[in-house]
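The values are calculated or read from the model by the stated rules, or taken from the named source; none is laboratory data. These figures come from a predicted structure and were not determined experimentally. Every residue, glycine as well, gets a Cβ built from its backbone with ideal geometry; the counts of neighbours run over all protein chains shown. These area figures cover heavy atoms from the full protein model, side chains too; ligands, DNA and RNA do not enter into them. Shrake-Rupley method; radii C 1.70, N 1.55, O 1.52, S 1.80 Å.
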Amino acid sequence: MKLNLNIQPLHTWIKTGKEPLVIAGPCSAETEDQLVATAHLLAQTGRISALRAGIWKPRTRPGEFEGIGSIGLEWLKRAKAETGLPTTVEVATGKHVEEALKAGVDILWVGARSTVNPFTVQEIADALKGVDIPVMVKNPVNPDLSLWIGALERINNAGITKLAAIHRGFSSYEKSAFRNEPMWDIAINLKTLAPELPLINDPSHISGNRDLIGYISQKALDLDMQGLMIESHIDPSVAWTDAKQQVTPAALADIIDHLALRKPEIRNAELNDKLAELRSQIDKIDDLVIQKIAERMQIAEKIGQYKKDNNITILQVNRWDEILQKRTNYAKALKLSPEFTEKLLELMHSESIRKQTEIMNKSEAGQAAEKLTHA
Ligand code: PEP
Ligand code: MN
């Protein structure tokens, strides 16, 4: 089933220019100088289609910097006048919409913490009735595709047809390398349901760490997303918000220069969707395989401790023969070659042994100290 959205293509409302489309700017506007100077450096890269800056910041705890507020709109005006870059800000209330429109902001975006709340989204949608302005809707904080779709529908129903979705990843209780889990399949599902809806990736909020931005950006382009929103600050080390994930305009240009763009010949939407879907299946399975191997190692460590406590040797040849025999038979039935299975098992087994040897050789004092540091 497809979604019933009324959408105008991206190029009708933003200069796509050099591919990929990049929207960049600081997480937060902090001072007039910081914003205007960052904007100039970004414009000089020649790779940026719009300048972003948060002026009303949704912070997790009170007392943190909650954005510079309406004065930032004046700074954005100046940045635009001096660089020619269209501007975009996050709006979270009807009043924000009114003020941003009055100040001539070119594009609005709805943040992840607003998309989760239908009351908030409806208030924003109501303020947008009768207005012709592009709006980008970030995915909700929680991994719920319906909420994301609901927000897009509310804005679209208000008459906004210059609409895009921003994939910024999802909050998860599990610790991982990412600040927000990409959960690519949710973005792919949205793309499948609304192929005409432009999808922009936000590698900054997915990574939470500037070193991963290139990797996430490449992956987004490989999934045929239409653009990137990347946080850039003239001096990230002193940024008032999201310092770890911001990059200088020069570093941003370098990241973009190193992205591989697919050749137009293979820009066949259907083919890409199929490939993307198959790849996302592979990604999911690989994640599971790694997770299961990690769980296996944890159990091997427990066995190591048990063997140590009971003075049993690490290697018991019979047990290893039995594992090898049983698993290769099982794998063969599943059409995996015995050579491959044996290699894989040997690799896992030698790592288990290495871990168990570590445990055996650790002194009681060392173990106690380690327990303490992990407590
Ligand atoms: C932001 O873009 O700075 C922001 C607050 O993002 P998100 O809504 O994705 O958390
Ligand atoms: Mn941010």
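S352 versus (1) at pLDDT 85 or above; (2) open to solvent by 60 Å² or more (accessible area, probe 1.4 Å); (3) polar (S, T, N, Q): which is the lone unmet condition?
All conditions are met except number (2).
Considering only residues that are charged (D, E, K, R) and over 22 Å from D185 (Cβ atoms), look in the stretch 136-169 and name the one that is least open to solvent (accessible area, probe 1.4 Å). Explain how you work it out, then say what you get.
Just the residues of the stretch 136-169 that are charged (D, E, K, R), to begin with: 138, 144, 153-154, 162, 168.
After this cut, where a residue has to be over 22 Å from D185 (Cβ atoms) as well, the list is 154, 162.
Numbers: R154: 85, K162: 35 Å².
This residue is K162.
If you go through the stretch 94-107 one residue at a time, how many are touching a residue at least 60 places away in the same chain (Cβ under 8 Å) and buried (at least 23 other Cβ atoms within 10 Å of the Cβ)? Working first, answer last.
Taking the stretch 94-107 and keeping what is touching a residue at least 60 places away in the same chain (Cβ under 8 Å), we get 107.
Narrowing further to those that are buried (at least 23 other Cβ atoms within 10 Å of the Cβ): none.
Looking only at that region, the number is 0.
Given I230, I234, which one is within 11 Å of ligand 2 (Cβ to nearest atom), among the hydrophobic types (A, V, I, L, M, F, W, C) and either open to solvent by 40 Å² or more (accessible area, probe 1.4 Å) or under 18 Å from S49 (Cβ atoms) (or both)? Walk me through it before giving the result.
Working: I234 fails: within 11 Å of ligand 2 (Cβ to nearest atom).
Of the residues listed, the single one that is within 11 Å of ligand 2 (Cβ to nearest atom), among the hydrophobic types (A, V, I, L, M, F, W, C) and either open to solvent by 40 Å² or more (accessible area, probe 1.4 Å) or under 18 Å from S49 (Cβ atoms) (or both) is I230.
Any chance you could count how many residues in the stretch 1-47 are under 28 Å from K191 (Cβ atoms) and within 16 Å of ligand 1 (Cβ to nearest atom)?
The total comes to 6.
Looking at the stretch 170-181 only, could you name the residues that are among the hydrophobic types (A, V, I, L, M, F, W, C) and surrounded by 14 or more Cβ atoms within 10 Å (Cβ to Cβ)?
Just the residues of the stretch 170-181 that are among the hydrophobic types (A, V, I, L, M, F, W, C), to begin with: 170, 177-178.
Of everything in the stretch 170-181, those that are among the hydrophobic types (A, V, I, L, M, F, W, C) and surrounded by 14 or more Cβ atoms within 10 Å (Cβ to Cβ) turn out to be F170, F178.
So A165 clears everything in (1) within 13 Å of ligand 1 (Cβ to nearest atom); (2) closer than 22 Å to H11 by Cβ; (3) touching a residue at least 40 places away in the same chain (Cβ under 8 Å) except one condition, right? Which one?
(3)
From the set of residues in the stretch 97-139 that are in a loop (DSSP other than H, G, I, E, B) and within 16 Å of ligand 2 (Cβ to nearest atom), which is farthest from L193 (Cα to Cα)?
Taking the stretch 97-139 first, the residues in a loop (DSSP other than H, G, I, E, B) are 103-106, 111, 116-117, 129-134, 139.
When the remaining residues are screened for being within 16 Å of ligand 2 (Cβ to nearest atom), the result is 111, 139.
Values: G111: 21, N139: 15 Å.
Among those that are in a loop (DSSP other than H, G, I, E, B) and within 16 Å of ligand 2 (Cβ to nearest atom), it is G111.
Just to be sure, is A165 of a type outside the set (S, T, N, Q) and more than 20 Å from V116 (Cα to Cα)? Walk me through how you get there before you give the answer.
Values: of a type outside the set (S, T, N, Q): yes; more than 20 Å from V116 (Cα to Cα): no.
No; evaluated as a whole, the condition is false for this residue.
Among the listed residues K326, K335, identify the single one that is open to solvent by 90 Å² or more (accessible area, probe 1.4 Å), within 30 Å of K219 (Cβ to Cβ), modelled with pLDDT of 85 or more and not acidic (D, E). Don't jump to the end; show me each part of the working.
Values: K326 fails: within 30 Å of K219 (Cβ to Cβ).
It is K335.
Condition check: among the β-branched types (V, I, T), at pLDDT 95 or above, more than 13 Å from P249 (Cβ to Cβ) and surrounded by 21 or more Cβ atoms within 10 Å (Cβ to Cβ). Does I68 satisfy that? Give the derivation first.
Details: among the β-branched types (V, I, T): yes; at pLDDT 95 or above: yes; more than 13 Å from P249 (Cβ to Cβ): yes; surrounded by 21 or more Cβ atoms within 10 Å (Cβ to Cβ): yes.
Against the criterion (among the β-branched types (V, I, T), at pLDDT 95 or above, more than 13 Å from P249 (Cβ to Cβ) and surrounded by 21 or more Cβ atoms within 10 Å (Cβ to Cβ)), I68 qualifies.
Out of K57, K80, which single residue is open to solvent by 40 Å² or more (accessible area, probe 1.4 Å) and either β-branched (V, I, T) or in contact (Cβ under 8 Å) with a residue 24 or more places away in the chain (or both)? Give the steps one after another, and end with the answer.
Values: K57 fails: open to solvent by 40 Å² or more (accessible area, probe 1.4 Å).
So the residue among K57, K80 that is open to solvent by 40 Å² or more (accessible area, probe 1.4 Å) and either β-branched (V, I, T) or in contact (Cβ under 8 Å) with a residue 24 or more places away in the chain (or both) is K80.
From the list I206, I200, exactly one residue is buried (at least 22 other Cβ atoms within 10 Å of the Cβ), hydrophobic (A, V, I, L, M, F, W, C) and not in a helix (DSSP H, G or I). Which is it? Write out each step before concluding.
Working: I206 fails: not in a helix (DSSP H, G or I).
Exactly one residue qualifies, and that residue is I200.
Condition check ((1) within 16 Å of ligand 2 (Cβ to nearest atom); (2) in contact with a strand residue (DSSP E or B) (Cβ under 8 Å, 6 or more places away or on another chain); (3) over 26 Å from D257 (Cβ atoms); (4) part of a helix (DSSP H, G or I)) across all residues:
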| residue | (1), (2), (3), (4) |
| --- | --- |
| H11 | no, no, no, yes |
| K18 | no, no, no, no |
| I23 | yes, yes, no, no |
| E30 | yes, no, yes, no |
| Q34 | yes, no, no, yes |
| Q44 | no, no, no, yes |
| I48 | no, yes, no, no |
| W56 | yes, yes, yes, no |
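Could you grab me the full set of residues in the stretch 297-315 that are open to solvent by 70 Å² or more (accessible area, probe 1.4 Å) and either among the basic types (K, R) or without any contact (Cβ under 8 Å) to a residue 40 or more places away in the chain (or both)?
Within the stretch 297-315, Q298, I299, K302, Y306, D309, N310, N311, T313, L315 qualify.
Let me confirm something: among V121, V110, V91, which residue is β-branched (V, I, T), within 14 Å of ligand 1 (Cβ to nearest atom), out of contact with any Lys or Arg (no Cβ under 9 Å at 6 or more places or on another chain) and open to solvent by less than 20 Å² (accessible area, probe 1.4 Å)? Break it down into steps so the answer makes sense when it comes.
On the way: V121 fails: out of contact with any Lys or Arg (no Cβ under 9 Å at 6 or more places or on another chain); V110 fails: out of contact with any Lys or Arg (no Cβ under 9 Å at 6 or more places or on another chain).
None of the others qualify; the one that does is V91.
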